[in-house]
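The values are calculated or read from the model by the stated rules, or taken from the named source; none is laboratory data. The structure displayed is predicted, hence computed values, not measured ones. All Cβ positions, glycine included, derive from the backbone under ideal geometry; neighbour counts span all protein chains shown.
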Amino acid sequence: MADVQTAARRLMENVEKVIVGKRKEIALIVVGLLSQGHILIEDVPGVGKTVLAKALARSIGSSFSRIQFTPDMLPSDVTGVSIYNQQTQDFEFRPGPLMAQIVLADEINRATPKTQSALLEAMEEKQVTVDGTTYQLARPFLVLATQNPIEYEGTFPLPEAQIDRFLLRVRLGYPSPDDEVAILDRQQYRHPVDELDQVISVEELAEIQEAIKSVYIDNQVKRYIVDIATATRSHEDAYLGASPRGSLALYRTCQVWAAINGRDSVLPDDVKQLAPATLAHRIIVSPAARIKDVSAETVVNDVLRRVAVPGAALGANRR
């Protein structure tokens with residue numbers, strides 16, 4: 001897994017030239033990319049969500065598009081539309097911004113449910129259907145969706161079915177004072193994202209994504225993942241727990257986390273590290289717990305404390 005670790009490090013270091021002081025969050029974004037999943041970035045405006053998406057696209061040399069969602073946006077504004085050409089006397093498909101390899105869905109919760117649903121087929125099936133014709137999306141295909149957790153007026157909360165399709169939820173947060181000074185210095189004359197170089201190719205990325213699938217996961221660790229997801233469903237503060245898709249998300253991301261740390265097998269610590277980012281957004285906290293300010297992350301952390309960790313037999317099984 002040395003090649004995977006080297007490529008991941010190049011990616012993270014390249015993005016860090018633009019996003020300062022957020023190594024763990026950048027690592028999670030890279031995990032999402034290598035896991036072939038989609039990422040929900042939930043944070044206040046101005047912390048670098050758009051710049052992060054651009055930096056990632058430049059780092060792998062992929063196409064990039066940004067969709068600014070608004071309440072009056074139609075599904076065809078996202079997927080594309082068929083237009084009649086009088087010269088050829090036939091309909092021509094004009095692709096929408098969703099037909100890029102990395103798509104920034106900005107303020108996704110400002111779009112109506114009808115427009116939000118246009119993303120479902122693309123995110124899950126890697127294709128869009130317009131006027132009965134199906135168009136395959138380019139690979140890799142990654143949706144980075146953002147939403148503001150503070151401002152709810154004029155928004156349409158994402159339904160559970162769509163939230164569940166996001167592999168990870170990441171929060172960037174404000175930078176430290178020293179990091180914010182570094183941001184000011186770097187942007188004194190020009191924006192550093194404009195000078196980013198491509199560090200890996202799309203073809204190399206595809207090979208890495210396939211190689212990661214061979215990372216070994218012991219049966220005890222698989223059971224540990226399932227036990228954690230199951231415990232969220234019966235937790236007293238959870239109205240709805242993590243789905244089996246959540247278990248699979250944790251499984252895939254743990255494989256990537258092990259690989260980018262130079263290991264060919266997954267450890268229970270990898271599961272603990274990634275459980276909050278992969279499971280918390282799939283959990284609905286009960287009304288009674290919400291009154292007590294219990295968050296979904298609190299439920300996940302409580303479950304991690306309760307569920308028994310696999311023992312030392314893992315090393316013997318691996319040998």
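Residue count for the range 126-165 satisfying the condition of being at pLDDT 85 or above and part of a helix (DSSP H, G or I): 1.
Only one entry in Ser265, Ser286 is over 30 Å from Phe64 (Cα atoms), small (Gly, Ala, Ser), in contact with a helix residue (DSSP H, G or I) (Cβ under 6 Å, 6 or more places away or on another chain) and surrounded by 14 or more Cβ atoms within 10 Å (Cβ to Cβ), namely Ser265.
Taken as a whole, the condition of being modelled with pLDDT under 90, surrounded by 15 or more Cβ atoms within 10 Å (Cβ to Cβ) and more than 22 Å from Leu196 (Cβ to Cβ) applies to Val81. Report whether or not Gly37 is at pLDDT below 90 and assigned to a loop (DSSP other than H, G, I, E, B). Against the criterion (at pLDDT below 90 and assigned to a loop (DSSP other than H, G, I, E, B)), Gly37 does not qualify. Given the structure, is Leu120 part of a helix (DSSP H, G or I), modelled with pLDDT of 85 or more and not β-branched (Val, Ile, Thr)? Answer is no for this residue.
The residue pairs whose first member lies in the range 257-284 and is free of Cβ contacts under 8 Å to residues at least 60 places away in the same chain and in the same structural domain as Asp227 (by TED's automatic domain parsing), whose second member is in a helix (DSSP H, G or I) and aromatic (Phe, Trp, Tyr), and whose beta carbons are closer than 8 Å, counting only pairs six or more residues apart or on different chains, are Val266/Trp257; Pro268/Tyr224; Asp270/Trp257; Val271/Tyr224; Gln273/Trp257. I'd like to check something: does the range 62-78 contain any residue that is over 19 Å from Ala122 (Cβ atoms), hydrophobic (A, V, I, L, M, F, W, C) and not in a loop (DSSP other than H, G, I, E, B)? Checking the range 62-78: not a single residue is over 19 Å from Ala122 (Cβ atoms), hydrophobic (A, V, I, L, M, F, W, C) and not in a loop (DSSP other than H, G, I, E, B). With Lys24, Lys49 as the choices, which residue is without any contact (Cβ under 8 Å) to a residue 12 or more places away in the chain and either assigned by TED's automatic domain parsing to the domain that holds Glu121 or within 14 Å of Phe141 (Cα to Cα) (or both)? The match here is Lys24.
For the range 162-179, indicate whether the set of residues that are outside the structural domain of Leu279 (by TED's automatic domain parsing), closer than 24 Å to Leu274 by Cα, among the small types (Gly, Ala, Ser) and in contact with a helix residue (DSSP H, G or I) (Cβ under 6 Å, 6 or more places away or on another chain) is non-empty. So far as the range 162-179 goes, no, none of its residues is outside the structural domain of Leu279 (by TED's automatic domain parsing), closer than 24 Å to Leu274 by Cα, among the small types (Gly, Ala, Ser) and in contact with a helix residue (DSSP H, G or I) (Cβ under 6 Å, 6 or more places away or on another chain). Apart from one condition, Gln68 fits all of (1) touching a residue at least 40 places away in the same chain (Cβ under 8 Å); (2) in contact with a strand residue (DSSP E or B) (Cβ under 6 Å, 6 or more places away or on another chain); the exception is (1). Listed conditions (1) farther than 30 Å from Leu279 by Cβ; (2) buried (at least 21 other Cβ atoms within 10 Å of the Cβ) are all met by Leu52, apart from (1).
Of the residues making up the range 257-272, none is farther than 30 Å from Glu207 by Cβ and of a type in the set (D, E, K, R).
Of the numbered criteria (1) within 21 Å of Ile39 (Cα to Cα); (2) without any contact (Cβ under 8 Å) to a residue 60 or more places away in the chain; (3) surrounded by 17 or more Cβ atoms within 10 Å (Cβ to Cβ), the one Val294 fails is (1).
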